[in-house]
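Just below is one structure, and these are the notes that go with it.
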Protein chains: 2
Amino acid sequence: VRPSRRALSVSQDRLTEKTFLADLGLATAPFAAVADDGELALALAEIGLPAILKTRRLGYDGKGQARIDRAEDAHAALAAMQGAPAILEGVVAFTREISVIAARDLAGDVAAYDPGENAHRDGILRRTTVPARLSAWERADSALIAGKILNALEYAGVLGVELFVTPQGLLVNEIAPRVHNSGHWTQAGCAVDQFEQHIRAIAGWPLGDGTRHSDVVMENLIGEEVSGVLELARKPEVSIHLYGKGTARPGRKMGHVNRVTGPAHRP
Amino acid sequence: VRPSRRALSVSQDRLTEKTFLADLGLATAPFAAVADDGELALALAEIGLPAILKTRRLGYDGKGQARIDRAEDAHAALAAMQGAPAILEGVVAFTREISVIAARDLAGDVAAYDPGENAHRDGILRRTTVPARLSAWERADSALIAGKILNALEYAGVLGVELFVTPQGLLVNEIAPRVHNSGHWTQAGCAVDQFEQHIRAIAGWPLGDGTRHSDVVMENLIGEEVSGVLELARKPEVSIHLYGKGTARPGRKMGHVNRVTGPAHRP
C-alpha cells in the first residue's frame with residue numbers, strides 16, 4: 001500500500017502529526033493534548049489566548065474546530081467536541097498561508113512544485129495563486145521542509161504541506177498524504193500535474209521535475225457558486241473541473257476552475 | 001446526436017467528403033471515383049501519375065491505400081481493394097502537412113486552435129509540432145477553412161482538418177469529425193484542451209478561445225516504442241498518456257507524450 005500505513009496514521013491524528021513534525025525539528029504552532037477541562041486549563045495557560053481547540057481526528061474544512069478567545073469560552077469549546085480526543089493549538093500570527101505539493105518516488109527521489117498561496121474563507125480553501133509572494137529563502141525552505149517530511153515518512157506518492165509564513169520563518173500547519181486541493185493548479189500550470197505525478201511516484205516511474213510553465217489562479221466552486229460556471233467558462237484561459245456531486249450544499253466543494261494568468265514568472 | 005449524422009456520413013466516405021469540400025470551393029487533391037479497371041484507366045489519364053488508390057470507406061493510418069507509380073501497377077492496386085468502392089487521388093507536391101483542430105458550439109460560435117505541423121511515417125502520425133512553420137496568410141487561411149467546414153456541416157463539437165501546405169495555397173486532405181490525434185498537444189499547451197472543448201461544444205457551454213500558452217511537441221508511441229516510456233518520462237516537461245492497450249503490435253498507437261518546449265511564441 002502506497003503511501004504507507006505510517007503516513008496515514010501520522011497524518012490522521014493532529015497530535016501524532018504535530019509530534020512527528022516537532023520531532024523532525026520543524027516549527028509548528030504551539031500545541032498540547034487535551035482530554036478534560038483540567039488539561040485544557042493547563043494547555044491554555046501554556047499556549048495563551050487566542051487558541052483553537054480541534055478534534056484530533058476526522059476534522060477538515062474547519063469542521064471539528066472551536067476558537068477560544070476568552071478563558072470562559074473554554075468549557076463550552078471542549079463540550080462541543082462531545083468527548084472526542086482533542087488538541088489545543090496556539091493561533092499563529094502569519095502573513096500568509098502557502099502550500100507545497102511534493103512527491104517522493106520508490107527510488108527515494110523527491111520533486112516539489114512551486115508553493116501556492118492560499119486564501120481561505122470560513123475555514124475552506126477558496127483560491128490558490130501561483131507563484132506565491134515569498135522571499136527566495138522562504139521558497140527554498142518550503143521545498144526543504146516538504147522533502148524532510150517525505151523522507152522521514154519514507155513516503156511514496158504526492159503529499160501536500162500547508163505552511164504559515166511568519167516573520168520568524170515557516171511553520172508547518174498540516175500535512176495531507178495525498179493529492180491536494182491546493183495543488184489542482186498544476187493541471188493548468190505544469191506538464192506533469194499532481195495526479196500524473198502521484199501515479200508516477202507509486203508506479204516506479206521517474207518523477208516530473210515540477211517545472212511550472214504558466215502562472216495560474218485556482219478557484220474552488222463552493223456550494224451555489226457552481227451555478228456560475230458558465231460565466232466563468234466564458235473567460236479566456238479558464239479550464240473547468242466539476243466533481244459531479246449532486247447537491248450544492250453550502251460549503252461543499254463542487255468543482256474548481258484554473259485560470260492561466262501568463263507565462264511562468266520567477267519572483 | 002452531436003456531431004450530426006450528416007457530419008459522419010460526409011466524412012466516412014472519401015468520395016462524399018472530397019465532393020463536399022469541392023462544393024464548398026475548397027481546394028483538394030484531384031480525385032475521381034473508381035469502380036473498375038476502365039474507370040481507373042480514365043481516372044489515371046485525368047489525374048496523372050503518381051496517384052493513390054484508396055478505399056472510399058474504413059481506411060485509416062495508411063490502411064486500404066495503394067500508391068500507383070506506373071500504369072502497369074493499376075490493375076493490381078485495384079484488385080487489392082477486393083471489390084471495395086475506391087477513389088483515385090492525385091499525389092500532391094506539398095511542403096508540409098498541418099492540421100487545424102476547431103470547434104463549433106450549439107450557438108454557432110467557432111474557435112480554432114493554432115495549426116500543428118504533422119510528421120508521418122508509414123502513413124501514421126508520428127509527431128505534431130506547435131507552432132507550425134507557416135506564413136501569417138497560411139495560418140489565417142487554415143482557421144477560415146476549418147470554420148467554413150464547421151458551418152457548412154452545422155457542426156457541434158470538435159473536428160480536425162488535415163491540410164497540405166503547397167506553394168499554391170492550402171489543400172484539404174481529410175476531415176475527422178472528432179477530437180484528433182494531431183490535437184493531443186492541446187492537453188499541454190492550452191488551458192482548455194480539445195477534450196474539454198468538445199464537451200463544452202456539445203453541452204451548450206461557451207467554447208474556450210483556443211489560446212495557446214505553451215509551445216508543444218506531441219509524439220506518438222507506436223508499437224514497441226511504448227517500452228521506452230520510462231526514458232521519456234525522465235525528460236523535464238514531458239507528460240505521458242498511455243491508452244492501456246494490451247499488445248504493442250507494429251503500427252499500433254499505444255500512447256503519446258507531450259513535451260512543453262517553451263512559452264507560446266507567435267511566429
(Q) What is the sum of charges, Lys and Arg at +1 and Asp and Glu at -1, for the other residues whose Cβ falls under 13 Å from the Cβ of B:LEU134? (A) -1
Q. On a 0 to 90 degree scale, rounded to 10, what angle separates helix B:14-23 from the longest Cα axis of chain B?
A. 80
Q: May I ask for the net charge around A:GLY157, where only other residues with Cβ less than 10 Å from the Cβ of A:GLY157 are counted and Lys, Arg are +1 while Asp, Glu are -1?
A: +3
Q.
Can you tell me what percent of all Cα-Cα pairs in the protein assembly as shown are more than 45 Å apart?
A. 29
Q. List the chymotrypsin sites (Phe, Trp or Tyr not before Pro) in region B:144-252 that DSSP assigns to loop (not H, G, I, E or B) and whose Cβ has at most 12 other Cβ atoms within 10 Å. Which are they?
A. B:TYR243
Q | region B:137-264: relative contact order as a whole-number percent, Cα under 8 Å and 6+ apart | A | 21
Q. Between copies, how far does the label point of B:GLU154 sit from its twins, in nm, shortest first, when each point is 7 Å from Cα along Cα→Cβ?
A. 6.6
Q. Which value at 222 nm does chain A reach when only helices count, each DSSP H run of 4 or more adding -39,500 (n - 2.57), with the total divided by all residues and rounded to the nearest 500 deg cm²/dmol?
A. -7500 deg cm²/dmol
Q. Any idea how far the Cα center of region A:75-103 sits from the one of region B:10-74, in Å?
A. 71
**Q.** Shortest-first distances to equivalent copies, position B:ALA119, nm, label 7 Å out along Cβ
**A.** 4.5
Q: Could you tell me how many degrees, from 0 to 90 and to the nearest 10, lie between the Cα long axis of helix B:136-152 and the main elongation axis, the longest principal axis, of the Cα atoms of chain B?
A: 70
Q.
What FRET efficiency comes out for A:ASP23 versus A:GLN82 if R0 is 35 angstrom and r is the Cβ-Cβ distance? Round to the nearest 0.05.
A. 0.70
(Q) 7 Å along Cα→Cβ for the label point: how many nanometres lie between A:ARG2 and each equivalent label in the other copies, listed shortest first? (A) 4.1
Q | Amide hydrogen neighbours beyond the local backbone of A:VAL216, cut-off 5 Å, H modeled | A | A:VAL130, A:THR261
Q. Residue by residue, what Karplus-based ³J(HN,Hα) values in Hz, rounded to whole numbers, does region B:159-170 have, using 6.51, -1.76 and 1.60 with θ = phi - 60° and x for Gly and Pro?
A. 9, x, 10, 8, 10, 9, 8, 10, x, 8, x, 8
**Q.** Innermost chain A residue relative to the axis carrying A onto B, by Cβ distance in angstrom
**A.** A:PRO263, 2
Q. If contacts are Cα pairs under 8 angstrom and at least 6 residues apart, what is the relative contact order of chain A in percent?
A. 18
**Q.** Positive minus negative residues near B:ALA146 (Lys, Arg vs Asp, Glu; Cβ under 12 Å)
**A.** 0
Q) Per residue of A:258-264, what is the mean number of Cβ atoms on other protein chains within 10 angstrom of that residue's Cβ? A) 3
Q: Mind listing the long-range amide H neighbours of A:ILE222? Cut-off is under 5 Å, sequence gap 5 or more, other chains count too, H placed in the peptide plane at 1.01 Å from N.
A: A:MET254
Q.
Whole-Hz ³J(HN,Hα) for each residue in region A:82-90, computed from phi via Karplus 6.51 cos²θ - 1.76 cosθ + 1.60 with θ = phi - 60°, x for glycine and proline: what do you get?
A. 6, x, 5, x, 10, 9, 9, 10, x
Q) Angle, helix B:37-47 long axis vs. longest principal axis of chain B, Cα atoms, 0 to 90°, nearest 10? A) 60
**Q.** Cα centroid of region B:169-206 to Cα centroid of region A:122-193, whole Å
**A.** 34
**Q.** Solvent-free Debye scattering, log10 I(q)/I(0), computed from the Cα coordinates of region B:1-125 at q = 0.20 Å⁻¹
**A.** -1.27
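Computed from the coordinates by the stated procedures, all read-outs in this text should not be read as laboratory data. Just so it is clear, the structure is predicted and the values come from calculations on it, not from any experiment. We place every Cβ from the backbone using ideal geometry, glycine too, and count neighbours over all the protein chains shown.
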